[in-house]
Each structure stands twice: as C-alpha cells, then as structure tokens.
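The values are calculated or read from the model by the stated rules, or taken from the named source; none is laboratory data. All values reported here derive from a predicted model rather than from experimental measurement. Cβ coordinates were reconstructed from backbone atoms using ideal geometry, including for glycine residues, and neighbour counts include every protein chain displayed. For the accessible areas, the whole protein counts, side chains as well, though only heavy atoms, and no ligand, DNA or RNA atoms are used. Shrake-Rupley method; radii C 1.70, N 1.55, O 1.52, S 1.80 Å.
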Amino acid sequence: FPVTIKWARLFLHPGKGKTGTVIKSFQILKKKGLVDHLLVLAPLRVITTSWPSELEKWSDFEELSYTIIHGDRQGAMKKNVDVYLMNYEGLLSKEWGNGNGLKFLKGRRWMLAVDESTKMKNPSSQRFKSLKKLLPAIDYRVIMTGTPKPNKLEDLFSQCYITDDGKDLGKYITHFRHQYMMQSFDGFGYTAQPGAFERVAEKIAPTTLLS
C-alpha cells in the first residue's frame, strides 16, 4: 500500500503470494505508524491453517503476534495482538452483534483483509450487511480471491464495495445493474451488457492486481 492508496484488490490465482503480500503491507503500514492492527476475515479452514502458517513461516514476520477469534471469541478479542483472524460466521455471532464489533474496533487504527472474498459476493447476505457496518471504522482495506474471473459480473459489486465504499462501482446494486447489466430474456435475473466486463475492468484497474 502506498500511503496515498488505502484499498487494493488482489485477484490472483492460488500460489501467487497473496497472503504474504498482505502481511508485508500491514507490517510496513504499522512501522509507518498508520495502522495498529490487522483484522482478517476468511473461511475457518483458512484462518486456522493458511494465515498462521504464513505468519510463522517467514522470519520477516516473527515480530507479529496473532490470535484466532473462534471458540472463545471474547477471550481472543481481549488479547492485544497485531493480527486478529476471524471466520465469516464470527460477523454474525453474539460477540459482534448489537454494535460489539464496532466497540472492538473503536479507538484503534485498522487494516482489513477479506480473504476468499467471493464469499461476500451477495450484497443481500447478512454477513455482507454486518461487515458493511464496520467499514467506516477501517481505513486500509484489501480483498483477496484465487478465482479472478467471476461467474457473474454483479458478483464483483459487493466485493469491490468492501474496499472503497462504492467509489468505483457505485453505492447501490440497483445503480450497478442499471449501468452494467440488463434484464435476462426470461425476465428472471440479470446479464451483463455488451462490453460491460471490459468497462468494469477498466474502472477497477488502478487498484486491482489481476492474474
């Protein structure tokens, strides 16, 4: 992250070093005094295997402490560490409900990493709505996915919203559909307008790494 850029999207195939890149970016921002902690959201298997493995594998990261917010969530949230790892279901837990998530974030500077961000492709899902409430408290944000090409164009809307609050693709899915989609011939759902994929790719290109 250059200081002037506060969000990024890593649409890279598996094995391209997404996790290590994000950890290093956090480490640099922390040393510059711009963030205090990194919150990682990902499926349970990812926060219990991939992220701990990456944090422990490289000597560059040995100074970084971490905890997994799962099981005893309250106990993990009370720890003062550099990196907090939480699965998506944690967003819907009682520990994060009723504004508790915002209370946890309040008073500290955060970076957010949303791993396997396709899990957030539905803007109507409760997990997306819960995360959306937390975004104003987080300045630096990155999403990561190992499946760069979406099955549906509108799958990109909520994923990109997580990073920039709708700056690139709009704040509302209805506006996005009006600009880039058209009603399906059967009257159910939407399909991309001709050239829409290219227009969206151009729009998000400045802050997106794609492979």
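Below are the figures for this structure:
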quantity	calculated
Size of electric dipole in the chain: Cβ of Lys, Arg +1 and of Asp, Glu -1, about Cα centre, debye, nearest 20	480 debye
Percent accessible area from carbon and sulfur atoms, the chain, protein chains only, probe 1.4 Å	53 percent
Computed lengthening from residue 65 to residue 129, 0.36 nm per intervening residue step minus Cα-Cα distance	20.1 nm
Residue 5 versus residue 186: modelled label distance in nm, points set 7 Å from Cα along the beta carbon direction	4.0 nm
Residues residue 103 and residue 49, FRET efficiency given R0 of 30 Å [Cβ-Cβ distance, rounded to 0.05]	0.55
Which listed pairs, of 171/203; 16/103; 24/167; 119/152, have C-alpha distances above 23 Å, in listed order	16/103; 24/167
For peptides 8-15, 158-165, sequence by mean Cβ density within 10 Å, most packed first	158-165, 8-15
3J(HN,Hα) from dihedral phi, the range 125-134, Karplus parametrisation 6.51/-1.76/1.60, rounded to Hz, x for glycine, proline	6, 5, 5, 5, 4, 5, 5, 4, 5, 8
Shape of the range 137-188, Cα gyration tensor, a/c cut at 1.5	oblate
Label point distance in nm, residue 149-residue 210, each placed 7 Å from Cα along Cα→Cβ	1.1 nm
Test item: Cα-centred dipole of the range 4-98, Lys/Arg +1 and Asp/Glu -1 on Cβ, debye	340 debye
Placed amide H near residue 7: partners under 5 Å, 5+ positions off or other chain	141
Mean separation of Cα contacts under 8 Å, 6 or more apart, over the residue count of the chain: relative contact order %	26 percent
GNM result for the chain, Cα springs below 10 Å: residue of 99, 71, 146 fluctuating most strongly	71
Accessible area per residue in Å² at 1.4 Å probe, computed on the range 1-89	49 Å²
Rounded to the nearest 10 Å², the accessible area of residue 125 at probe 1.4 Å	30 Å²
The range 50-90 - charge dipole about Cα centre, Lys and Arg +1 at Cβ, Asp and Glu -1, debye rounded to 20	260 debye
Amide H contacts under 5 Å for residue 66, placed H, 5+ residues apart	82, 83
Overall form of the chain per C-alpha gyration tensor (a/c, 1.5; a/b vs b/c)	prolate
Under 5 Å, built H, 5+ apart or other chain: amide partners of residue 109	36, 37
Positive-pole candidate from 136, 50, 162, dipole of the chain, charges at beta carbon	136
